[in-house]
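The values are calculated or read from the model by the stated rules, or taken from the named source; none is laboratory data. Not measured: the values here are computed from a predicted model. When we count neighbours, we look across all protein chains shown, and the Cβ atoms used for this are built from the backbone with ideal geometry, even at glycine. Each accessible area value is taken on the protein alone, full model and side chains, heavy atoms only, with ligands, DNA and RNA left out. Shrake-Rupley method; radii C 1.70, N 1.55, O 1.52, S 1.80 Å.
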Amino acid sequence: GAVVSQHPSWVICKSGTSVKIECRSLDFQATTMFWYRQFPKQSLMLMATSNEGSKATYEQGVEKDKFLINHASLTLSTLTVTSAHPEDSSFYICSANAYSARSYEQYFGPGTRLTVT
Amino acid sequence: GQQLNQSPQSMFIQEGEDVSMNCTSSSIFNTWLWYKQDPGEGPVLLIALYKAGELTSNGRLTAQFGITRKDSFLNISASIPSDVGIYFCAGQPQGGSEKLVFGKGTKLTVNP
């Protein structure tokens, strides 16, 4: 299957600082990537759809000025959590669509654990 | 919004037993996917289904895309301890969006 990587795998930051998380498709090009947030013992919550070369599309209730997404190339999308606060602590996971002759499949990165102190 | 009802929420089984879990929806989906997530990791794609009635296997895993396009099931045969984890169903709804809708997950525990 296709491989998606994330960096860093975990990060601890102080309240008020910004944190950038990178998501890369390693062996395929991804025009569309997705950013999810996952709380303990819950399912994945889609935050936004990242489109290469255009603005991200945010889900209802997600602050676009707080969660900045940049998809500058076909293999890289970044999520920047600006002015982070403890309530932003969570597990952030990205995914990317890999296309085949039949359709496409969504592959996930390993996730980034963010802790804001 | 669209929702997937995944059941059971959790399962406790003995090693060697077979397992079955399913997802249902009130609306039609174009694609069904099944993922497994281990603690602290991202979900890993197990099986993708594209066509109503399609039955696909991946080792000891078998999944089917329901004829009505509103449901899917995943079976695991002869479970082993490493099958432990949370299994999520996901579907791509009609309408052209590439976003997925996720079920709430089935937590599987396998007792050796």
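So the values come out like this:
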item: Unmatched cysteines, chain A - criterion: no other Cβ of a Cys under 4.7 angstrom; result: A:Cys13
item: Reduction of at least 30 Å² in accessible surface, 1.4 Å probe, comparing all protein chains with the chain by itself, residues of region A:89-117; result: A:Phe91, A:Arg102, A:Ser103, A:Tyr104, A:Glu105, A:Gln106, A:Phe108, A:Pro110
item: Cα-centred dipole magnitude for chain B, charges only on beta-carbon of K, R (+1) and D, E (-1), debye, nearest 20; result: 380
item: Average projected area [Cα convex hull, region A:62-115], square nanometres; result: 4.7
item: Accessible surface, per residue, of region B:6-108 when the full set of protein chains is kept, probe 1.4 Å, Å²; result: 44
item: Evaluated at q = 0.10, 0.15, 0.24 Å⁻¹: base-10 log I(q)/I(0), Debye formula over Cα of chain B; result: -0.26, -0.58, -1.38
item: Estimated distance in nm for a label pair at A:Tyr99 and A:Thr82, the labels positioned 7 Å out from Cα along Cα-to-Cβ; result: 3.2
item: Of all accessible heavy-atom area on region B:2-68, the percent that carbon and sulfur account for (1.4 Å); result: 48
item: Solution diffusion estimate, µm²/s, Stokes-Einstein, chain A, Kirkwood Rh from C-alpha pairs, 25 °C, viscosity 0.890 mPa s; result: 173
item: Cα gyration tensor of the protein assembly as shown - equivalent ellipsoid semi-axes, whole Å, descending; result: 30, 21, 16
item: Inter-site label distance for B:Glu98 and B:Ser77 at 7 Å from Cα along Cβ, in nm; result: 3.6
item: Relative contact order (percent, whole number), chain B, Cα cutoff 8 Å, 6+ residue spacing; result: 37
item: Convex hull per residue volume in Å³, alpha carbons only, for region A:1-70; result: 125
item: B:Asp71 accessible area, assembled protein chains, probe 1.4 Å, Å²; result: 60
